[in-house]
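Below is one structure, written out as structure tokens; comments come after it.
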Amino acid sequence: MLYRMVRNENDAWDLAQEAFLQAWRSIHEFEGRSSFYTWLYRLTVNLAIDSLRRKRRRVEVELDDAIPSSLPSPRANYRRTEIRQHINAALAQLTPEHRAVIVLKEIEDLQYQEIAEVLNVSVGTVMSRLFYGRKKLQSILRPIYNQIYESQRPRAD
């Protein structure tokens, strides 16, 4: 999850180490109102969001798992790579909060309630961020989709 959030392996390892260190230092604050997994996940996601904010740069999320990998031709593989790059660039334009919700829902496949617990926000906030994050992605990707669609249409010459 960290790698998908920060899109840099070294940063992800550093953040994972920082998360475990922070969890160890603050284990006395764990009250058991949620599962330990949820508490640790929330702590880790918050560290990732804070890191993205500090760097003030947009990062992309790898979507290898979300796009089928068994495309038949080199041309199709090239298109797949090109589409992935466009999606990554679009995700990089989202705020860290919107990106976190998109990653947790669409890539990590968490439920709304789980995302709310991880991010320590209400389910309504999760739904709102997901709605606006998807809407922003759609507005960014629509011209690219139209361009790809037009290039694949048979010409009536």
Flagged in the stretch 89-98 as closer than 16 Å to Tyr3 by Cβ and buried (at least 17 other Cβ atoms within 10 Å of the Cβ), in numbering order, are Leu91, Pro96
Flagged in the stretch 99-137 as under 12 Å from the mean Cα position of the chain (by Cα) and open to solvent by 50 Å² or more (accessible area, probe 1.4 Å), in numbering order, are Glu106, Glu108, Asp109, Arg134
With the first residue restricted to the stretch 81-100 and required to be acidic (Asp, Glu), and the second required to be surrounded by 16 or more Cβ atoms within 10 Å (Cβ to Cβ) and not in a helix (DSSP H, G or I), Cβ contacts under 8 Å at 6 or more apart or on different chains are none
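What are the residues in the stretch 1-13 that are in a helix (DSSP H, G or I), modelled with pLDDT under 90 and either of a type outside the set (Lys, Arg) or touching a Pro at 6+ places or on another chain (Cβ under 6 Å) (or both), if any?
Taking the stretch 1-13 as the starting set, the residues that turn out to be in a helix (DSSP H, G or I) are 2-6, 9-13.
Among the residues that remain, those that are also modelled with pLDDT under 90 are: 2-6, 9-12.
Passing the criteria: Leu2, Tyr3, Met5, Val6, Glu9, Asn10, Asp11, Ala12.
Do you know which of the residues in the stretch 5-19 that are free of Cβ contacts under 8 Å to residues at least 12 places away in the same chain and not aliphatic (A, V, I, L, M) is most open to solvent (accessible area, probe 1.4 Å)? Let's see the steps before the verdict.
To start, the set of residues in the stretch 5-19 that are free of Cβ contacts under 8 Å to residues at least 12 places away in the same chain comprises 9-10, 12-14, 17.
Adding the requirement that they be not aliphatic (A, V, I, L, M) leaves 9-10, 13-14, 17.
Details: Glu9: 116, Asn10: 109, Trp13: 166, Asp14: 92, Gln17: 130 Å².
Within the stretch 5-19, the match that is most open to solvent (accessible area, probe 1.4 Å) is Trp13.
Sort out which residues of the stretch 51-66 are surrounded by 13 or more Cβ atoms within 10 Å (Cβ to Cβ) and at pLDDT below 80, and write them in order of number. Full working, then the answer.
Step one: of the stretch 51-66, the residues surrounded by 13 or more Cβ atoms within 10 Å (Cβ to Cβ) are 51-52, 55, 58-63.
Across the stretch 51-66, the qualifying residues are Lys55, Arg58, Val59, Glu60, Val61, Glu62, Leu63.
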Every listed condition ((1) under 26 Å from Val126 (Cα atoms); (2) modelled with pLDDT under 80; (3) touching a helix residue (DSSP H, G or I) at 6+ places or on another chain (Cβ under 8 Å)) holds for Ala48 save (2)
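The values are calculated or read from the model by the stated rules, or taken from the named source; none is laboratory data. Because the structure is predicted, anything quoted here is derived from the model rather than measured. Cβ atoms come from the backbone with ideal geometry, glycine included; neighbour counts cover every protein chain shown. Each accessible area value is taken on the protein alone, full model and side chains, heavy atoms only, with ligands, DNA and RNA left out. Shrake-Rupley method; radii C 1.70, N 1.55, O 1.52, S 1.80 Å.
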